[in-house]
Structure formats: structure tokens, C-alpha cells
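First up is the structure itself, then whatever we jot down about it.
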Amino acid sequence: MKNFLITGGAGFIGSNFVLHLLGHYTDYQVVVYDKLTYAGNLDNLLEVSDDPRYYFVKGDICDPGLVTETVRKYEIDTIVNFAAETHVDRSIMDPDAFVKTNVNGTYVLLEVAREQNLERYHQVSTDEVYGDVPEGYSSIESDPVAPRSPYAASKASGDLMTLAFFTTYDLPVTITRGANNIGPYQYPEKVVPLFATNAIDNLPLPIYGDGRQMRDYQYVGDHCRAVDKVLHFGEIGQVYNIGTGHEMENLTMVEILLDALDRPGDLIRHVTDRPGHDRRYSLNVDKVRQLGWEPEFTLAEAITMTAHWYRDNEWWWRKIKMGEFQTYYEAQYGERLGSAGVS
Ligand code: NAD
Ligand code: TYD
């Protein structure tokens, strides 16, 4: 395992994972394969752009010809698939791209991995495949998937196809299911970077419904270390949950975030809820801990560090918020906030 194809490596977690790999393993080569959708951003990889071990290929994971050519050209032995459409609210507006990339694209990568006899195919998945989790329970890896949004359903499909390729063709696969990641380079449609950047500009923070939904907001660096651990020490054919094992209400997350940015609570606006909003996700993370991994940061530390990164890196997010983002924001929040809330 030393020639990696990191699909979706120009996105949030993928780019953090590329920086992690190149920072920790001197003999690894990393090829980022990314379509550069609205969420892909080569600014995330500026730190390694001159590294001779790093290559970039612009391409779609749904394109078997280009994936095969890239795997052959760079003698890839391992695919780590981060490429996906990832935002639940966008999947509610228009699920089409979610099915294409997350279902069909995953299938294309699995077929190439099989044809080219790769050493490993790793699928990066999400806690959302388990669906809404009742208070007092935490999901374990053998639980049935019960996705409720188009995004979650498309990710669960990718997981099932990945496991089918293990069972049917003996393809050496592993899967990780991560809780909500936060940290540097996250597109400001997800709640923490959206609220941090809005708060910095004294714009309202649109909380869906009562704001008492619960999420495990883990630091992206912790998640990347866990994926690394599973790649090197995980058992083939197995699924591993990744998170802190603790969750908090969105209102608590907002309090910590406003405190970190020294902004007042009256920026909070309760707005119309997301349809089918999952109230709670909660992961049991004993299995990945048994590989010798544990998170370094608590949720509160992760939220504060993330808020400070956005405060200190306006160069990164201001240009994003000027572009495609504005059309999306108007469609998603225009009516919810009224015109006063949309800058
Ligand atoms: P992101 O939206 O920031 O980035 C996705 C990347 O994939 C972008 O660079 C985009 O250009 C690329 N991409 C999209 N469609 C593509 C295609 N057809 N071909 C090639 N590239 C394509 O996503 P993220 O938050 O970094 O998530 C990465 C992975 O982790 C996803 O699979 C997601 O489901 C999973 N995940 C995310 C979270 C989270 O909190 N963000 C939590 C658990 C799991
Ligand atoms: P999000 O970052 O979209 O991640 P996910 O839905 O995949 O967990 O949302 C995290 C939580 O924040 C979720 O409970 C929905 C809520 N939320 C809001 O209250 N307002 C918002 O504007 C957004 C984007 C999310």
C-alpha cells in the first residue's frame, strides 16, 4: 500500500486526508482524482501543490475509462473513495447527482478495483446510513442500515455494493462510517462553517426547528487518523464507525461557536425544519478504538478550533460565499429567513 488514488481529494475531508498522508508517510504517492464540483477546491491542497509525491487528475468517478487509465498510469494499489455529493439539504432539493455519484460512481470504482486487482478499496461512509437513532442507544456496525434522506440512502447503497464486492468477488474492501466532521476547508453550506462565517459577518444563524437535534461534531484530523488506522490495521470486509462517541444538541454547538467568536445569542433564528430531519445520530466507536485509535479533541474543542480557523482564514471562504453559494443560499434560506436574513 503506497500508491493512493484519493477520489474526492479536493473536498473537505479528502484534502485533509491527503495532507495527513503526505505529512506522515515519506514513501507514499498520492493522486487526487476529483471532478471539482462546487465543493471541490484546489486551494485546500495549496500546501502540497509543489510536492513531487502529489498529482492531480480532474475527472468524474462515473467515468470508467478515465479511472482505469489513471489507475494504470500511476500504478495505483489503493483507492480511498471520498468523492460524493454530501449535503443533505441539496439532496432534498435535487437527488439526481447523489444517485449518480454516490451509487453509480462507487460501483464504477469497485469494478476498476476488481479488474485491476487492487490491494485495497476503502469506502468513506457516514453515520447517517443508520438513520434516526433513539435516545439511550448508539449504532454498532452490524446494525441494519435505515437511511431516511436521499443523501443517506445513496451512501447506504454505496456501502451495500462495497460489501457485495467483498462477498462475491473477494475484493479487499474496508468501510468507515464517520460522524459529522468539522475543521479547516469545509464548504460553508454545512452547519458549523455556515454559522461561523455568518456570525463573523453578524448575519443570522438559521437553526432548523427547535435546534435540539443531536450530532457528534468530531474534528476532521481525528477522523483522518482513524481512516489511516483502518487502512493499515483494519480487517478486510469490515465496517468501522468513527466519532468521539459523544453527541450534543445543535443549540449547544451554537452557544460554543458564538462564544468562540465573541458574538451575541440574538443572531440565532429558529426557521422551518428540514423535511425528514434525523433527530439524533450516535455511534458506538469501540471497534475502531480496539485498533488503537482514539480522538484527540472533544466536541467543544473541535467547534472552537473550527470557529477560529474560519475567523483567521477569510481568504479561503470569502470568495466561496461570493459565487455559486449565493444562489444556493437564496434557494435554501430565502423564504426561511425573509429577505432581511439573506445578504
Ligand atoms: P465535500 O462535499 O467537501 O467534497 C466532496 C468532493 O468530491 C469534492 O471535492 C467534489 O468535487 C468531489 N466529487 C463530487 N462528485 C464527484 C464525482 N462524480 N467524481 C469525482 N469527484 C467528485 O465532502 P466531504 O465532507 O469532504 O465528504 C467526503 C466523504 O466523507 C463523502 O463520501 C461523505 O459522504 C463522507 N462523510 C462526510 C462527513 C462530513 O461530516 N462532512 C461525515 C461522514 C462521512
Ligand atoms: P449538516 O451540517 O447539514 O450535517 P448533517 O445534516 O449531515 O448532520 O447539519 C448538522 C445539523 O445542523 C443538522 O441537525 C441540521 C442542522 N442545521 C441547521 O439547524 N441549520 C442549518 O442551516 C444547517 C445547514 C443545518
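The values are calculated or read from the model by the stated rules, or taken from the named source; none is laboratory data. A quick note: this is a predicted structure, and the numbers were derived from the prediction, not measured. Positions of Cβ are backbone-derived with ideal geometry, glycine not excepted, and every protein chain shown enters the neighbour counts. Heads up: the accessible areas ignore ligands, DNA and RNA and are worked out on the full protein's heavy atoms, side chains in. Shrake-Rupley method; radii C 1.70, N 1.55, O 1.52, S 1.80 Å.
Over every pair of different alpha-carbon atoms in region 110-175, take the mean of 1/r and invert it; report that Kirkwood radius in Å.
Evaluated over region 110-175, this radius sits at 12.8 Å.
Could you give me the ³J(HN,Hα) list for region 44-61, computed from phi with Karplus coefficients 6.51, -1.76, 1.60 and θ = phi - 60°, whole Hz, x at Gly and Pro?
For region 44-61, the Karplus curve yields 5, 10, 4, 4, 10, 4, 9, 6, x, 8, 10, 10, 10, 10, 8, x, 9, 5 Hz.
For the peptides 143-149, 122-128, 7-13, 314-320, what is the packing order when you average, over each peptide's residues, the other Cβ atoms within 10 Å and list the highest mean first?
The densest-packed peptide leads the list: 7-13, 122-128, 143-149, 314-320.
Report the rotationally averaged projected area of region 1-55 based on its alpha-carbon convex hull, in square nanometres.
Mean orientational projected area (region 1-55, Cα hull): 3.3 nm².
Using a 1.4 Å probe over the heavy atoms of the protein chains, calculate the carbon and sulfur portion of the accessible area of region 119-159 as a whole percent.
C and S fraction of accessible area: 53 percent.
Based on a Kirkwood Rh over C-alpha pairs, give the Stokes-Einstein translational diffusion coefficient of region 75-188 at 20 °C and viscosity 1.002 mPa s in µm²/s.
Here the translational diffusion coefficient equals 145 µm²/s.
Across the chain, how large is the tail of the calculated P(r) beyond 27 Å, expressed as a percent of all Cα pairs?
42
For region 1-112, what is the per residue volume of the convex hull drawn over the alpha-carbon atoms, in cubic angstrom?
About 90 Å³ per residue, rounded to a whole number.
I need the phi-derived Karplus couplings for region 315-329: 6.51 cos²θ - 1.76 cosθ + 1.60, θ = phi - 60°, integer Hz, Gly and Pro marked x.
3J(HN,Hα) across region 315-329, in whole Hz: 3, 7, 9, 4, 5, 5, 5, 7, x, 3, 3, 5, 5, 4, 5.
When ligands, DNA and RNA are left out and all protein chains stay put, how many square angstrom of accessible area per residue does region 239-343 have with a 1.4 Å probe?
Computed with neighbouring chains in place, this is 50 Å² per residue.
How far is the Cα center of region 246-316 from the Cα center of region 190-244, in Å?
After rounding, the separation between the Cα centres reads 7 Å.
Where the only charges are on Cβ atoms (+1 Lys, Arg; -1 Asp, Glu), what is the dipole of the chain about its Cα centre, to the nearest 20 debye?
Approximately 280 debye in magnitude.
Give, in whole angstrom and from largest to smallest, the semi-axes √(5λ) of the equivalent ellipsoid of region 279-343, with λ running over the eigenvalues of the Cα gyration tensor.
Listed largest to smallest, the semi-axes of region 279-343 are 34, 18, 11 Å.
Place +1 on the Cβ of every Lys and Arg and -1 on the Cβ of every Asp and Glu in the chain, take the dipole about the Cα centre, and give the residue among Ile242, Ala302, Gly131 whose Cα lies farthest towards its positive end.
It is Gly131.
Mind listing the phi-derived Karplus ³J(HN,Hα) values for region 104-113, rounded to whole Hz, using 6.51, -1.76 and 1.60 with θ = phi - 60°, and x for any glycine or proline?
Result, ordered by residue: 5, x, 4, 4, 4, 4, 4, 4, 5, 4 Hz.
Under a 10 Å cutoff between Cα atoms, tell me which one of Asp27, Asp89, Asp278 has the largest fluctuation in the Gaussian network model of the chain.
Among Asp27, Asp89, Asp278, the largest GNM mean-square fluctuation belongs to Asp27.
Can you give the accessible area per residue of region 1-133, in Å², using a 1.4 Å probe?
Numbers: 5070 Å² over 133 residues.
On a per-residue basis, 38 Å².
Summarise the accessible area of region 168-304 (1.4 Å probe, protein heavy atoms) by the percent that is carbon and sulfur.
46
Quick check: residue separation of His270 and Asn202 times 0.36 nm, minus the Cα distance between them. What number comes out in nm?
Stretched fully, the His270-Asn202 segment lengthens by 22.9 nm.
At 1.4 Å probe radius, can you tell me the per residue accessible area of region 168-231 in Å²?
That works out to 22 Å² for each residue.
Where the only charges are on Cβ atoms (+1 Lys, Arg; -1 Asp, Glu), what is the dipole of region 203-330 about its Cα centre, to the nearest 20 debye?
260
For region 129-235, take the alpha-carbon Rg, divide it by the Kirkwood Rh, and send me Rg/Rh. If you can, show how the numbers build up before the last one.
On the way: Rg = 16.8 Å, Rh = 16.4 Å.
Ratio value, two decimals: 1.02.
Would you mind checking the radius of gyration and Dmax of region 182-231 based on alpha-carbon positions, in Å?
Cα only, region 182-231: 13.7, 42 Å (Rg, Dmax).
With each run of n ≥ 4 DSSP H residues scored as -39500 (n - 2.57), what mean residue ellipticity at 222 nm is computed for the chain after dividing by its residue count and rounding to the nearest 500 deg cm²/dmol? Intermediate values should be presented prior to the final figure.
On the way: 12 runs with 135 residues, N = 343.
Computed mean residue ellipticity for the chain: -12000 deg cm²/dmol.
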